[in-house]
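Q: Attaching a single structure in structure tokens format; questions to follow.
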Amino acid sequence: MLHLFHPFIPKKKILKELSDTLDSKWIGQGPKVDLFEKNFGKKMGYKYPVMVNSGTSALELAYHLLGLNEDDIVVVPVLDAIAGQVGLIRRKCKILFCDIERNTLNIDPDFLERLLKENSVKAVIGVHLGGIHFNQKIYSVCKKYNVPLIVDAAQYLAPTYGDYICYSFQAIKHITTGDGGMLVLGNKKEYDRAKKLRWFGVAREQKEHDARQWNTRAINSDLGEAGYKFQPTDIDACFGLAALPDLEIIIEHRKQLAREYLRGLKKIQIIAKDTYWLLTVLVEKRDKLAQFLINKGVEVNIVHVRNDLFKIFGGKRQKLPNMNWVETRYLCLPLNGKITKSDVRSICKLIRQFYG
Ligand SMILES: Cc1ncc(COP(=O)(O)O)c(C=O)c1O
């Protein structure tokens, strides 16, 4: 079977990092987390990255920092992972689904502008779905209506910008820490606050371990705000430290596969660019093609289902013309480190055969 996803595991390098960590006997959040944050920040050009235990936790922290609460209206793309959106439901926010563009499957800026014009929106969640940066107009629309933009870059491991940026290192992302995430803040104040919030609300660095200070310890590490248990471990960071230097190679391989798909499927619309996390095609007779490919040993999937169909989001197909058009046509084909150009040529051949 040619699989859709495959985790990137540089085993030797991970084992070396892990060996250091296990010998140090410090396996919880410690120096490796600090180092991974530093290396990640350097590579991406960020001053204030905070590592957490998942991309979902990064989003949750962004919601907390923004103060999203009951009845706040939040705009999200209708086609998205559920991860970012369930947290909004838990906060009892009101979700407005935005239609997508047919060429990127990301938020449509004109539709977004209509939503912002007609509603008092507290935040927009812009997703780089499939590893593709959303339309640059999203920034000017959010700016025009003075609405903060949370960028969900879980599927986009490259520099981007927005008021809050959330990355994921979950198992099948470009690089993985098993599970993990990074929240990137825009200023020192929010950075310090996020670092406290990821560990109950305590400033770990300020905790005193000197016995003479015990009587004042409550003050040294006082709780100003109720936080979460979102901190990652040094074991997670070992995976990140081992894989991060290979990021360019990982993306280049995916880019080359995408080029091969473009060469082999000239008549089919292919959606893949920037960091190439997914390779999505828009095709007629999608379900029949999918079954044909699965029968031939090629794993394919739509990966994301439009979220308005889920009961907690209303359970009704909304009037979103582009989503409605795309719904029966999109399909993701294998794109990962284990797939070779020759595999792609075979997949393309099968697809051409299917369409005669
Ligand atoms: C678009 C998107 N947002 C958020 C998440 C949540 O990330 P995580 O699984 O690391 O919590 C994911 C991944 O699963 C995702 O694909």
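The values are calculated or read from the model by the stated rules, or taken from the named source; none is laboratory data. A quick note: this is a predicted structure, and the numbers were derived from the prediction, not measured. The accessibility values were calculated without ligands, DNA or RNA, using every heavy atom of the protein model including side chains. Shrake-Rupley method; radii C 1.70, N 1.55, O 1.52, S 1.80 Å.
Q: Which of the aspartates and glutamates could a cross-linker span from LYS94 if the Cα-Cα distance has to be under 12 Å and same-chain partners fewer than 8 positions apart are dropped?
A: Partners found: GLU70, ASP71, ASP72.
Q: Here's something else I'd like to know. Tally the DSSP beta bridges in the chain and give the antiparallel ones as a percent, rounded to 5.
A: For the chain, the DSSP antiparallel bridge percentage is about 55.
Q: Below 8 Å, C-alpha to C-alpha, sequence gap of six or more: please give me the relative contact order for the stretch 247-354 in percent.
A: Once divided by the residue count of the stretch 247-354, the mean separation gives 37 percent.
Q: Determine the share of the chain's accessible area contributed by carbon and sulfur atoms, expressed in whole percent, with a 1.4 angstrom probe.
A: Roughly 54 percent of what the probe reaches on the chain is carbon or sulfur.
Q: When the solvent-accessible surface of protein heavy atoms is calculated with a 1.4 angstrom probe, in what order do TYR355, TYR167 fall, highest first?
A: Sorted descending by solvent-accessible area, the residues read TYR355, TYR167.
Q: Still on this model: Sequence gap at least 6, Cα distance under 8 Å: using those rules, report the relative contact order of the stretch 1-127 to the nearest whole percent.
A: Result for the stretch 1-127 is 20 percent.
Q: With an 8 Å Cα cut-off and a minimum separation of 6 or more residues, compute the relative contact order for the chain in percent.
A: RCO, the chain: 24 percent.
Q: Return one quarter of the surface area of the convex hull spanned by the alpha-carbon atoms of the stretch 292-337, equal to its mean projected area, in nm².
A: 4.6 nm²
Q: Among HIS128, HIS253, HIS3, what's the order by accessible area (1.4 angstrom probe), most exposed first?
A: HIS3, HIS253, HIS128
Q: Taking only protein heavy atoms and a 1.4 Å probe, what accessible area per residue, in Å², does the stretch 11-245 have with all protein chains in place?
A: 45 Å²
Q: Moving to a separate point now. A 22 angstrom limit on the alpha carbon distance is what I want to check against. Which of LYS92/LYS122; LYS38/LYS255; LYS173/LYS195; LYS196/LYS229; LYS92/LYS189; LYS144/LYS316 exceed it?
A: Going by Cα-Cα distance, LYS38/LYS255; LYS173/LYS195; LYS92/LYS189; LYS144/LYS316 fall outside the 22 Å limit.
Q: If you take the square roots of the eigenvalues of the alpha-carbon gyration tensor of the stretch 247-354 and sort them as a ≥ b ≥ c, do you get rounded (a/c under 1.5), prolate (a/b over b/c) or oblate?
A: Here the stretch 247-354 falls in the prolate category.
Q: Kirkwood-based Rg over Rh for the chain (C-alpha set), two decimals?
A: 1.00
Q: Hey, what number do you get for the chain at 222 nm if only DSSP H runs of n ≥ 4 count, each worth -39500 (n - 2.57), divided across all residues, to the nearest 500?
A: Estimated from H runs of four or more residues: -11500 deg cm²/dmol.
Q: Here is a further query. Ordering GLU118, GLU37 by how much accessible area each has at a 1.4 Å probe, largest first, what is the list?
A: Largest accessible area first, the residues go GLU118, GLU37.
Q: If the reach is capped at under 17 angstrom between alpha carbons, list the lysines near LYS16, excluding any in the same chain fewer than eight residues apart.
A: LYS16 reaches LYS25, LYS32.
Q: What accessible area per residue comes out for the stretch 247-354, rounded to a whole number of Å², with a 1.4 Å probe?
A: 52 Å²
Q: List the aspartates and glutamates whose Cα sits under 18 Å from the Cα of LYS143, skipping any in the same chain fewer than 8 residues away.
A: In chain and number order, the partners are ASP108, ASP110, GLU113, GLU118, ASP152, ASP163.
Q: A further question follows. Starting from the Kirkwood Rh over alpha-carbon pairs, what translational D in µm² s⁻¹ does the stretch 87-144 have by Stokes-Einstein at 25 °C and 0.890 mPa s?
A: Reported coefficient: 203 µm²/s.
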